[in-house]
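Okay, handing you the structure first.
Laboratory data are not the source of any read-out in this text; all were calculated from the coordinates shown. Predicted model, so just to flag it, every value in this text is computed and none were measured. Here the Cβ positions follow ideal geometry from the backbone for every residue, glycine too, while neighbour counts run over all protein chains shown.
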Amino acid sequence: MVEPAALPHVVIVGGGFGGLYTARALAGRPVRVTLLDRRNYHLFQPLLYQVATAALNPSDIATPLRSILRKAANVTVLLAHVDRVELDHRRLVLDRGEMGYDGLVLAVGASHSYFGHEDWELLAPGLKSLEDALEIRRRVLLAYEAAEREQDGAEQRALLTFVVIGGGPTGVELAGALGEISRQTIARDFRVIDPTKARIILLEGGPRILSTYPESLSGRAQAQLERIGVEVRTRAMVTQVTPDAVWLGGEQIRCRTVLWAAGAAAAPLGNTLGVPLDRVGRVLVESDLSIPGHPEAFVIGDLCAFLHQTGAPLPGLAPVAIQQGRVAAENVLQRLAGQPTRPFHYRDKGSMATIGRAAAVAVIGRVQLSGLAAWVAWLLVHIISLIGFRNRVLVLLQWAWAYVSWQRGARLITGPWRGRSESGGS
Ligand SMILES: Cc1cc2nc3c(=O)[nH]c(=O)nc-3n(C[C@H](O)[C@H](O)[C@H](O)COP(=O)(O)OP(=O)(O)OC[C@H]3O[C@@H](n4cnc5c(N)ncnc54)[C@H](O)[C@@H]3O)c2cc1C
């Protein structure tokens, strides 16, 4: 029998979709695997907006990596931030110490991009982590609370104006959920303000929302949003964000809550590699997902620019990261065994975005769905893909309850109140 210490050491950085599926594919294989992540849980990002809008709790969409990988005896999970990768020395520099490897899979995902306006980040939080989701939830709920106490009419209107910047799937989901909160969930809970009069404005710089979907579905998504009170504005380029307004050139929209769903960039770890990156910081990989000149190191998921299929990078989607994780696992084993690797090919099974209760759009192969049918498809896919049996049952029950009762229950609590600037984020 081969002693474990004598087995090659594969390090995976990132326990998101890509890293987790790599680790699962390497479970029980003849390698020692270390999975490093700066947090100790896998996060189901597609449902983050549900936490941000008080429909789900953080624990419903986060599962400890250790428990997911409990049965994978050759996989060790370590909580660590990777500061730098030294490809030439096959070494990682961690927040504390260093770690060598024989094979490497980098799956550290993406972060926000404010297109050079980094100062907007405090004023307009984006949605990538549980912390972001809870901060957004806090700002939204505090804005209603502040409006209820506000004497000044103009300030009250600003508090009840919510601007979402970016009309991609995340922006659409956030705006839809904000519309439902104001029109349904808390519609009768206040005495001074009328939450149903809140303005939810979705700003998109391009000619239509959901630009990666067929045009007809963009139109239907817009109509579904407008039905729940969301004002959709396309060709609306944001030029300035301040604590109390969003500016579109000379036009000012007074508001106290601004959410950012407009841009993503690859995680900063890619910058430490010293290899060619694309415009948004993704690593340009070979067709087998390896880094050019470093055949033992692979990059997958949102950090990866894979140009070998269509000439353009694959979209930043969970199924891309999952499928790449499985192939990277096989390829790293092949490489360590001195065998040829195989090229990656993405199998697109469709995409979907939800807008609200019984409202969504979906493209599955050649089939385009919208409304209730798309929403049911969306619900089933997301519940089935949630990692961990406990989560699945809990999420299903909570949704069922929310669906029949329109309630978000105890998740609507927030505080403490620290002053007027709170909801503006200044
Ligand atoms: C709000 C939102 C909604 C989305 N909705 C959908 C959807 O509906 N459908 C869909 O298919 N996709 C959706 N996506 C995209 C999908 O979540 C990503 O494409 C997918 O998560 C990418 O997987 P990944 O493994 O590359 O990165 P991630 O899943 O982001 O995982 C990266 C991991 O790396 C860790 N990490 C980062 N840097 C370091 C470091 N320096 N050291 C240690 N650890 C590090 C992070 O903690 C994280 O666990 C959504 C994304 C967001 C943000």
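Under 14 Å from the Cα of Lys128, which aspartates and glutamates turn up, not counting those fewer than eight places away in the same chain?
Cross-link targets: Glu173, Asp302.
Continuing with the same structure: Roughly what % antiparallel, to the nearest 5, for the DSSP beta bridges in the chain?
On the way: 32 of 65 bridges.
Antiparallel bridges: around 50 percent, rounded to the nearest 5.
In addition: Using a Gaussian network model of the chain whose springs link C-alpha atoms within less than 10 Å, name the residue from Val230, Val163, Val241 with the highest mean-square fluctuation.
Val241
Let me ask something else. Report, in deg cm²/dmol and to the nearest 500, the calculated mean residue ellipticity at 222 nm for the chain, where each DSSP H run with n ≥ 4 adds -39500 (n - 2.57) and the sum is divided by the residue count. Kindly include the intermediate steps, with their values, before the conclusion.
Details: 10 runs with 121 residues, N = 426.
For the chain, the value works out to -9000 deg cm²/dmol.
Here is a follow-up. Send over the semi-axes of the chain's equivalent ellipsoid, whole angstrom and largest first, taken as the square roots of 5 times the C-alpha gyration tensor eigenvalues. Each step should come with its number before you reach the end.
Numbers: eigenvalues 320, 95, 92 Å².
Each semi-axis is the square root of five times an eigenvalue, giving 40, 22, 21 Å.
Take the alpha-carbon positions of the range 32-184, form their convex hull, and give its projected area averaged over all directions (one quarter of the hull surface) in nm².
Working: hull surface 49.9 nm².
Computing the convex hull of the Cα atoms and averaging its projections yields 12.5 nm².
On to the next question. Using 0.36 nm times the number of residues separating Ala73 and Ala6, minus their current alpha carbon distance, what extension gain do you get? Kindly include the intermediate steps, with their values, before the conclusion.
Numbers: separation 67, 0.36 × 67 = 24.12 nm, distance 1.55 nm.
That pair, Ala73 and Ala6, stretches by 22.6 nm at full extension.
Okay, next question. Arrange Glu148, Glu204 by Cβ neighbour counts within 10 Å, fewest through most, would you? Display every interim value, and only then the final one.
On the way: Glu148 16, Glu204 26.
Result, fewest neighbours first: Glu148, Glu204.
While we're here: Given that compact globular proteins tend to follow 2.2 N^0.38 Å, what is the ratio of the alpha-carbon Rg of the range 1-113 to that value?
Numbers: Rg = 15.3 Å, N = 113, 2.2 N^0.38 = 13.3 Å.
With N residues counted in the range 1-113, Rg over 2.2 N^0.38 Å equals 1.15.
Between Leu307 and Thr234, what FRET efficiency follows from the Cβ-Cβ distance if R0 is 22 Å, with the result rounded to 0.05? Let's see the in-between values first.
Numbers: r = 29 Å, r/R0 = 1.32.
Once rounded, the FRET efficiency stands at 0.15.
Principal axes first, then extents: for the Cα atoms of the range 270-331, list largest minus smallest coordinate on each axis, whole Å, largest first.
Principal-axis extents of the range 270-331 (Cα, largest first): 27, 24, 19 Å.
Pop the C-beta distance of Trp401 and Asp102 into the FRET formula with R0 = 35 Å and round what comes out to the nearest 0.05.
Step by step, r from the Cβ atoms, then E = 0.10.
Test of understanding: what is the full-extension gain from Thr212 to Gln252, defined as 0.36 nm times their sequence separation minus their Cα-Cα distance? Display every interim value, and only then the final one.
Values: separation 40, 0.36 × 40 = 14.40 nm, distance 2.88 nm.
Here the answer is 11.5 nm.
I've got another one for you. Find how much the distance from Ala154 to Leu122 grows on full extension, using 0.36 nm per residue of separation minus their present alpha carbon separation; answer in nm with one decimal.
On the way: separation 32, 0.36 × 32 = 11.52 nm, distance 2.31 nm.
Stretched out fully, the Ala154 to Leu122 stretch lengthens by 9.2 nm.
Still on this structure, I have one more. Among Val105, Val367, Val172, whose mean-square fluctuation peaks in a Gaussian network model of the chain (Cα, cutoff 10 Å)?
Per the Cα network of the chain with a 10 Å cutoff, Val367 tops the list.
Out of Ile253, Ile201, Ile181, any idea which swings most in a Gaussian network model of the chain, alpha carbons joined below 10 Å?
Ile253
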